[in-house]
Structure formats: structure tokens, C-alpha cells
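Right, one structure below, let's go through it.
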Amino acid sequence: MSSDNNNEDVKKRDAFLGLAECEVEIEELEKDVELYRLKKMVPFYKQRDSYINDIPGFWRVVLSQHSDFANYIRASDFKYIDQIEKIQLEWLILKDENESNVRDFSVTFYFNGIEDDFEEQIVTKTFKIVKSDTINDNKSTKKSNVNEDISEDENEEEIEDILTSEPVDIKWPASYDSINPSVIVDKRSPEGKKKYRQGMKSFFGWFKWTGKKPGKEFPHGDDLAVLISEDLYPYCVKYYTEAQRDLEDENNDSDEDSSEEPLDLPGNEEDDDDAEQVEEEENDPARKKLRRA
């Protein structure tokens, strides 16, 4: 009986090992498939981007009309979002297949300037996938060891892929000096903290996002990065076309509304005069008598 149990345990262990090996092979296959797709798609993205460069205000239309993008941006930011002339995306694995994850990428924004407020600039931000345990290990070195008797199993956490980035410099608008975290001197007072938080929630605060300080930097910075890389950039032409169609529908609706207004035809003026004359006669007793006579 015990030998049967041992055989079952061995089979179960081998099955788990086999599953683990299959998962590794599947991950490698998925990476190869995605890498193949990128190599095929990137030349067309470059050709597409060259056409987009000849369409004034293309990215302004796409970004201002995309409802999900608006969820991450303060309303006052759109004045500067409208200055984005070009967005360029690059996948790092195409430069170094050995060192990069297939989902690592950089996004470059080309900003036009606003006189006396916002400088023309080009800003690139890079995003990389790392294992969550590498971030947790860095945090744990700053904490003292407590409850050392806790077993490894109880301490062990599931290791996940985490999107991270490094802060990059961007020149903020002059009108944002009051909420620019780099300019705020007093970060301890209630008013200073409030201004600091407002600045960190700005689109410009996203360029400082790292993914390593939850609750202390731009909220959901990873989601915004993924939205840009996996939705906005690949499908920008679709969103531009939809936005243009919506604008045409709005214009058609306004034309229909104006066509429903009553027309002032020349013949109507005489009819209106006759009607007014009859009404005056009905209301004037002297005229009523004359009509009876």
C-alpha cells in the first residue's frame, strides 16, 4: 500500500515538474511570436507615422477625444496635451533581444511651445518589466528583521511582473509653478502638501513615475503607459477616424436643427397683416357694428 502511495507521489511530482517546464516553453514561444509580430509591424508603423506627420493636429484630436486617456489627465493639462505634435514608440527588444523583455518600450513626446509659458521640447520615457521580488528585496533592506521565526512558506509572496520606469526631466509650464513638485519649497504644511499632490497628479507628474512608490507618485502610471503602448499608439488612426466622424455627425445635427426653424416667406407677411386686421376689427366695437351693417 505504501509503495502505491509512493508511486502516486512520484507521478504527481513529475507532473508538476512537467507543467512547470511547459509553462517556461509557452512563455518562450509567446515571446518569439510577439517578437516576430513586432519585426513585421514596426516598418509599417514608421511608414504610418510619416503620413501622420503631414496631418496637422492629428495627435491633438486623438488624445482629446479618447475617453480613457482623459481619465488619467487633469482638465487643465489638455492645454499642453494639445501641444503634442508627435508621439513615437520604440520596443527595446528590437535593439537587444538578449537583455530586454518583449514588453519593454520607450515613448517619445514632441511638444510644441507656448510663448512665455511652455518650452518646446522632446521628452523620452522608458518602461521595463521587472520581477516584483526585486522591488520587494530593495524595500526589505530598509526594514529591520522582525518575527524571524516565521517560516519561509508564510513569508513567501507570489512573484509577478511589474512595469517600472525611471524619472525623466521635463520642463513644466510656467503657469504650473505653484504645483510643480520641483519648485514647491514648503512640502510639509497642509497647503504645501495639497499643491504637491496636485502636481503629482498632473500629466507632467507622470514623467517622474517609477512604479516603486505606490501612493506617493502619479496614480496608475503603469496603466497610462500600457494604454499608450497597447492602445493609443497602435490604433491611433482608428481613434482619429472615429473622432472625425463624430464631428461630422455633430455638424449634420446642427444643420438639421437650423433647417427645422420656420421660414420667413414673402407671402406670409400679407397673411400676417390680414390676420392682424381681422383681430383688430374683432376687438373694436365700432368696426363690429360697421361689419354688421
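Every number here is computed from the coordinates shown, using simple stated rules; none is lab data. Quick caveat: nothing in here was measured; it's all calculated off a predicted structure. Don't worry about glycine lacking a Cβ; one is built from the backbone with ideal geometry, like all the others, and counts go over all protein chains shown.
For segment 158-205, what mean projected area does the convex hull of the alpha carbons give, in nm²? Walk me through the intermediate numbers first.
On the way: hull surface 19.6 nm².
Answer in nm², one decimal: 4.9.
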| How much length, in nm to one decimal, is gained on full extension between ARG48 and GLU90, taken as 0.36 nm per residue of separation minus their Cα-Cα distance? | 13.7 nm
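In this model, which of LYS12/LYS212; LYS216/LYS238; LYS79/LYS194; LYS131/LYS238 are farther than 30 Å apart at the alpha-carbon? Numbers along the way, then the final one.
Working: LYS12/LYS212 38 Å; LYS216/LYS238 35 Å; LYS79/LYS194 22 Å; LYS131/LYS238 34 Å.
Flagged as over cut-off: LYS12/LYS212; LYS216/LYS238; LYS131/LYS238.
Mind ranking 35-41, 126-132, 245-251 by how tightly packed they are, going by the mean number of other C-beta atoms within 10 angstrom, highest first? Display every interim value, and only then the final one.
Details: 35-41: 12.1, 126-132: 16.1, 245-251: 10.4.
With the highest mean Cβ count within 10 Å placed first, the list reads 126-132, 35-41, 245-251.
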| task | Along Cα→Cβ, 7 Å out, is where each label goes; now give me the distance between the ones at VAL237 and ASN112 in nm to one decimal. | result | 2.4
| For GLU160 and LYS187 in one chain, what is 0.36 nm times their gap in residues minus the Cα-Cα distance, to one decimal in nm? | 6.4 nm
